[in-house]
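Below: the structure, in structure tokens.
The values are calculated or read from the model by the stated rules, or taken from the named source; none is laboratory data. Just so it is clear, the model here is predicted, and its values are computed rather than measured. Glycine also receives a Cβ, built like all others from the backbone with ideal geometry; neighbour counts cover every protein chain displayed.
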């Protein structure tokens, strides 16, 4: 017979065990979702570069594309607080005008400060019509710890990618995508873009942790039950 004093701990153990198992299976579901996303990204990156219409660019994340237009040398952005190969520096973002007032920001690569934040590299670039090859990614906003007062004098130093704000500064309708200039393209700086790393293994690791905790708790519950029966 199960003693009454064991009923409440049994209920608590059962609820905790259910919670741990639920978390484990939820992480497995998340791993399946990320695995599907990863497969889509790998498929996109394996396709050869192609020309696409301006209104299709928003749906081409992770794709290699050819872009035809011209750089606007007079309205560039310095994307500060970047770390590449343990060096502090910035990315050079240049509007690439596609048609009329529509543009996309091209990340031309990384430049280290080398201890001198007062001196920018020579980022001048020709405004003539050209075709470039780049990979498209969606810009990610940083968490800003404090409000940034931006000097609207070009090239503008920025700490985060607020596309609406950058559109206002540049007077372009900037597409909410970022074009990473292909490493072999000219008119760029240091470019060794990080490949996509999925988080499938991370979710599987979390699931294993929850299941191990559930296993340990089950062992404790069995020992308590045996002790209760003997007592």
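Has segment 75-90 got at least one residue that is in contact with a helix residue (DSSP H, G or I) (Cβ under 7 Å, 6 or more places away or on another chain), assigned by TED's automatic domain parsing to the domain that holds residue 133, surrounded by fewer than 20 Cβ atoms within 10 Å (Cβ to Cβ) and closer than 18 Å to residue 172 by Cα?
So in segment 75-90, the residues in contact with a helix residue (DSSP H, G or I) (Cβ under 7 Å, 6 or more places away or on another chain) come out as 75, 77.
Checking which are assigned by TED's automatic domain parsing to the domain that holds residue 133 leaves us with 75, 77.
Keeping just the survivors that are surrounded by fewer than 20 Cβ atoms within 10 Å (Cβ to Cβ) gives 75.
Pick out the ones that are also closer than 18 Å to residue 172 by Cα and you get 75.
Looking through segment 75-90, at least one residue is in contact with a helix residue (DSSP H, G or I) (Cβ under 7 Å, 6 or more places away or on another chain), assigned by TED's automatic domain parsing to the domain that holds residue 133, surrounded by fewer than 20 Cβ atoms within 10 Å (Cβ to Cβ) and closer than 18 Å to residue 172 by Cα.
Yes/no matrix, rows are residues, columns are (1) at pLDDT below 85; (2) surrounded by fewer than 13 Cβ atoms within 10 Å (Cβ to Cβ):
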position	(1), (2)
3	yes, yes
6	yes, no
14	no, yes
18	no, yes
22	no, yes
28	no, no
31	no, no
38	yes, no
41	yes, no
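The residues of segment 166-178 that are surrounded by 14 or more Cβ atoms within 10 Å (Cβ to Cβ) and in a loop (DSSP other than H, G, I, E, B) amount to a single one, 172. Looking at segment 118-139, which of its residues are part of a loop (DSSP other than H, G, I, E, B) and either in contact (Cβ under 8 Å) with a residue 24 or more places away in the chain or in contact with a strand residue (DSSP E or B) (Cβ under 9 Å, 6 or more places away or on another chain) (or both)? Within segment 118-139, 120, 121, 123, 124, 125, 126, 127, 128, 129, 138, 139 qualify. Close contacts from segment 202-231, counting a first residue that is within 11 Å of residue 13 (Cβ to Cβ) and assigned by TED's automatic domain parsing to the domain that holds residue 15 and a second that is modelled with pLDDT under 85 and in a helix (DSSP H, G or I), with Cβ to Cβ under 6 Å and a gap of 6+ residues or different chains, come to 221/13.
Of all residue pairs spaced 6 or more apart or on separate chains, those with beta-carbon atoms under 9 Å, a first member in segment 7-26 that is assigned by TED's automatic domain parsing to the domain that holds residue 204 and a second member that is modelled with pLDDT under 85 and outside any helix (DSSP H, G or I) are 10/2. When you scan segment 56-74, do you find a residue that is assigned to a loop (DSSP other than H, G, I, E, B), in contact (Cβ under 8 Å) with a residue 60 or more places away in the chain and loosely packed, with under 13 Cβ neighbours inside 10 Å, even just one? The answer is yes; a qualifying residue exists.
Residue by residue, here is whether (1) modelled with pLDDT of 90 or more; (2) closer than 21 Å to residue 98 by Cβ; (3) part of a strand (DSSP E or B); (4) under 21 Å from the mean Cα position of the chain (by Cα) holds:
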residue	(1), (2), (3), (4)
150	no, no, no, no
164	yes, yes, no, yes
180	yes, yes, yes, yes
183	yes, no, no, yes
197	no, no, no, yes
202	no, no, no, yes
227	no, no, no, no
